[in-house]
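Right, I'll just put the structure down here and ask away after.
The values are calculated or read from the model by the stated rules, or taken from the named source; none is laboratory data. As the structure is a computational prediction, the values presented were derived from the model and not from experiment. Positions of Cβ are generated from backbone atoms using ideal geometry, with glycine treated the same way; all protein chains shown enter the neighbour counts. Surface areas here come from the heavy atoms of the whole protein model, side chains and all, with no ligands, DNA or RNA. Shrake-Rupley method; radii C 1.70, N 1.55, O 1.52, S 1.80 Å.
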Amino acid sequence: MLPHYGTVGRDIWRAVTYLICWEIVECYLPHRVMRQFSLHQPIPDQRLIGNQAALHLIDRYGRANTDWELTHRQYIDIWGARTDTVEVGLPCIDTTHASGDYM
């Protein structure tokens, strides 16, 4: 059980967004693991995954003066609107079995 301060704002745990650290941009796709949040797992859509290969090719080599805030502005804007992309779902009583529509 987590203490109260560890669960404040837990709705954003289910925000479909990007996580950003300098040159690194990673898709955060909680809608693909809804059962971990005790919610019904629908068939996941393909949000945010179209550019993963290109994002993984970015590194700092030879880019000492790169303005990463400018380079990743579109992903930063999506992160800024993360409260608008929180996945909601139906409670799932038995998270050990996938639903029929998912299977």
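What number of residues in segment 5-14 are in contact (Cβ under 8 Å) with a residue 60 or more places away in the chain and of a type outside the set (A, V, I, L, M, F, W, C)?
Summing the residues that are in contact (Cβ under 8 Å) with a residue 60 or more places away in the chain and of a type outside the set (A, V, I, L, M, F, W, C) in segment 5-14 gives 2.
On to the next question. Can you name the residue in segment 15-36 that is in contact (Cβ under 8 Å) with a residue 60 or more places away in the chain and in contact with a Ser or Thr (Cβ under 9 Å, 6 or more places away or on another chain) and, of all such residues, is nearest to residue 95 (Cα to Cα)?
35
Please work out which residue is modelled with the lowest pLDDT, limiting yourself to segment 91-103 and to residues that are hydrophobic (A, V, I, L, M, F, W, C) and loosely packed, with under 11 Cβ neighbours inside 10 Å.
103
What number of residues in segment 17-44 are touching a Leu at 6+ places or on another chain (Cβ under 6 Å) and closer than 28 Å to residue 70 by Cα?
4
Would you confirm whether or not segment 68-78 contains a residue that is basic (Lys, Arg), modelled with pLDDT of 95 or more and assigned to a helix (DSSP H, G or I)?
Yes, because at least one residue in segment 68-78 is basic (Lys, Arg), modelled with pLDDT of 95 or more and assigned to a helix (DSSP H, G or I).
Taking segment 37-89 as the search range and keeping residues that are touching a residue at least 12 places away in the same chain (Cβ under 8 Å) and basic (Lys, Arg), which one is most open to solvent (accessible area, probe 1.4 Å)?
Here the residue is 60.
Of the numbered conditions (1) among the hydrophobic types (A, V, I, L, M, F, W, C); (2) under 21 Å from residue 10 (Cβ atoms); (3) outside any loop (DSSP other than H, G, I, E, B), residue 93 fails exactly one; give the number of that condition.
Checking residue 93 against (1) among the hydrophobic types (A, V, I, L, M, F, W, C); (2) under 21 Å from residue 10 (Cβ atoms); (3) outside any loop (DSSP other than H, G, I, E, B), the one that fails is (3).
Hey, can you tell me all the residues within segment 1-28 that are in a loop (DSSP other than H, G, I, E, B), of a type in the set (Val, Ile, Thr) and open to solvent by 40 Å² or more (accessible area, probe 1.4 Å)?
8
Return a yes/no flag: does segment 47-59 have any residue that is modelled with pLDDT of 90 or more, part of a helix (DSSP H, G or I) and within 14 Å of the chain's Cα centre (by Cα).
no
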